[in-house]
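Remarks on the structure that follows.
The values are calculated or read from the model by the stated rules, or taken from the named source; none is laboratory data. Since this is a predicted model, take the numbers as computed values, not measurements. Virtual Cβ from ideal backbone geometry, glycine too; neighbours counted across all protein chains shown. With ligands, DNA and RNA removed, areas are computed over all heavy atoms of the protein, side chains included. Shrake-Rupley method; radii C 1.70, N 1.55, O 1.52, S 1.80 Å.
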Amino acid sequence: MSTPTENKEPRRILLVSVPRTASNLLLKILNIPNQPNVVSSPKGGYFFYDAFMTTVRGGRLDRPLDHWTTAATNETKAALQNGFDGLEEYSARARAENKIMFAKEHAYWFVNPGFMSTFDGAENTEDLKEFRVCTPERYGPTQTFSANNKTIMPDEYLRTWQIAFIIRHPALAWPSMYRAMMKLSEAGFMDDDGMRGASITNMNMECTRRLFDWCLEQPDQPVTPLVIDAHDVIHNPGAVMKFCEKAGLDTASIQFEWNGSDKKSENWTPESANAGNPEEQAMHKIAASVMLSTLEASTGVVKCKAPASVDIDAEAAKWRVEFGGRGCCAD
């Protein structure tokens with residue numbers, strides 16, 4: 001989807017992902033920090049990272065919303081609004097500089113908690129209203145939420161973004177995430193509640209699929225959403241080049257090799273009120289170093305991370321050896 005033609009503003013690109021889909025690798029190849037006509041955050045997006053961490057804290061996703069405390073609800077609402085406001089701050093900078101705004105977000109980070117707590121279609125409309133963000137007047141006087149828009153942002157706002165998706169076979173993405181979560185648990189970053197909350201979100205593709213279907217339903221949009229497979233990111237440079245061109249990015253900036261000294265995880269600190277807490281900062285850096293370990297240790301694309309084909313039975317046998325009877329490999 002492109003920004004409406006009558007808007008005459010620079011393009012805004014929202015790359016929607018889930019963990020372990022090679023999304024950080026894609027940003028590395030696209031060379032987002034050095035794209036000459038792009039504005040993005042130091043993390044390449046992730047404006048709703050703090051909001052999601054707030055939502056999963058204390059096992060909130062394990063409980064219906066009517067079991068949340070008032071303090072938990074208010075804290076989550078504030079964190080979601082703060083993430084949105086940060087996104088808008090960078091968007092304003094991009095408009096002022098007449099540049100493309102680029103942001104990468106995991107699909108469920110900006111999905112309404114009222115939807116996340118059910119996943120069964122039985123969400124309460126009033127619960128959904130509770131967490132919807134306040135958008136600036138520049139996006140119009142109305143805020144509508146069509147059936148497939150389960151995000152915290154109204155249709156009118158989402159239509160101002162070109163939405164793109166990066167996908168990967170779940171039999172590769174989820175075990176990779178589970179390995180990372182076990183490391184995070186060992187490091188003290190993630191407790192059992194966090195493991196359950198992350199599992200609930202990572203093992204369900206409904207958030208991504210709903211948003212994709214929403215994109216296809218929008219009227220008067222000149223292009224369908226962009227989609228790229230992690231396998232092509234790793235094995236097909238031509239597919240990355242095509243994605244870059246369609247997104248309106250500078251193809252001359254693309255890189256498939258790089259200096260391994262660039263450590264994005266060193267600057268990975270929360271934007272929340274605890275950002276000045278040294279212990280909080282240290283824990284988030286540890287988490288980032290785990291999630292970015294392969295990328296930060298590399299000087300180019302590591303092709304062995306993406307097999308040519310996926311044999312579920314063969315993969316399941318590997319999981320039983322690696323994980324035993326826990327988590328994703330349980331019978």
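Of L87, L172, the order by accessible heavy-atom surface (1.4 Å probe, DNA, RNA and ligands excluded), from most exposed downward, is L172, L87. Under 5 Å from the amide H of L15 lie the amide H atoms of A103, K104, E105, A164, each residue being 5 or more positions distant or on a separate chain, with H modelled from the backbone and absent for Pro and chain starts.
Among the listed pairs K99/K129; K104/K242; K28/K242; K150/K183; K150/K303; K77/K104, give every one whose C-alpha distance is greater than 24 Å. Listed pairs above 24 Å: K99/K129; K150/K183; K150/K303. Peptides 135-143, 14-22 ranked from most to least packed give 14-22, 135-143, packing being the mean of other C-beta atoms within 10 angstrom over each peptide's residues.
Sorting K28, K104 on solvent-accessible area from highest to lowest, probe radius 1.4 Å, gives K28, K104. Using a/c under 1.5 as the rounded threshold, could you call the stretch 47-186 rounded, prolate or oblate? The axes a ≥ b ≥ c are square roots of the C-alpha gyration tensor eigenvalues, and prolate needs a/b larger than b/c, oblate otherwise. Oblate.
Other residues with beta-carbon under 15 Å from the beta-carbon of K242 carry, at +1 per Lys or Arg and -1 per Asp or Glu, a net charge of -3.
Counting protein heavy atoms only, the stretch 119-218 has 50 percent of its accessible area on carbon and sulfur, 1.4 angstrom probe. Rounded to the nearest Hz, the phi-derived 3J(HN,Hα) couplings of the stretch 67-82 under the Karplus curve 6.51 cos²θ - 1.76 cosθ + 1.60 (θ = phi - 60°) are 9, 6, 6, 4, 5, 5, 4, 5, 5, 5, 4, 5, 5, 5, 5, 5, where x marks glycine and proline.
Residues H231, H67 ordered from highest to lowest accessible area at a 1.4 Å probe: H67, H231. If you average the alpha carbon positions of the stretch 116-195 and of the stretch 37-72, how far apart do those two centres end up, in angstrom? The stretch 116-195 and the stretch 37-72 have Cα centres separated by 9 Å.
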